[in-house]
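Below is one structure, written out as structure tokens; the observations come after it.
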Amino acid sequence: MRRLAKENPAWGYRRVHGELGRLGHHISEATVRRILRAGGFRPAPRGLDTSWRSFLRTQAEGLPACDFFTVDTLPQAADPATRAVRHHERP
């Protein structure tokens, strides 16, 4: 629970509670709030960027990316290819 809150500072108590429920941990929202407050976490600040770009920037180290391209093998012939890289290593 604390890890979710630490890795996602834009999430409030309700969002952490919802994610825990999706992961199969059924706990009350009040309990989540009480545990996070005791751990020094405060409500999420208003106005933080919660866009897809922001999410990718914060989670890039653990997300794979695939590039699809073709390799010319013979005149007028090309083979499809793919390359998997981590987002933070992507050029």
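What follows draws every value from the coordinates through simple rules; no lab data is involved. Quick caveat: nothing in here was measured; it's all calculated off a predicted structure. Don't worry about glycine lacking a Cβ; one is built from the backbone with ideal geometry, like all the others, and counts go over all protein chains shown.
For this structure, a couple of remarks:
- Rh by Kirkwood over Cα pairs, then Stokes-Einstein D for the chain at 0.890 mPa s and 25 °C, µm²/s: 151 µm²/s
- Extending 7 Å from Cα along the Cβ direction at SER54 and again at ARG2 yields two label points whose distance is 2.5 nm.
- Approximate spin-label separation ARG14-GLU61, in nm, with each point projected 7 Å along Cα-to-Cβ: 3.1 nm
- Net length available on complete extension from THR31 to ASP72 is 8.8 nm, with 0.36 nm assigned per residue and the Cα-Cα distance removed.
- ALA65 long-range amide H proximity, modeled H, under 5 Å: VAL85, ARG86, HIS87
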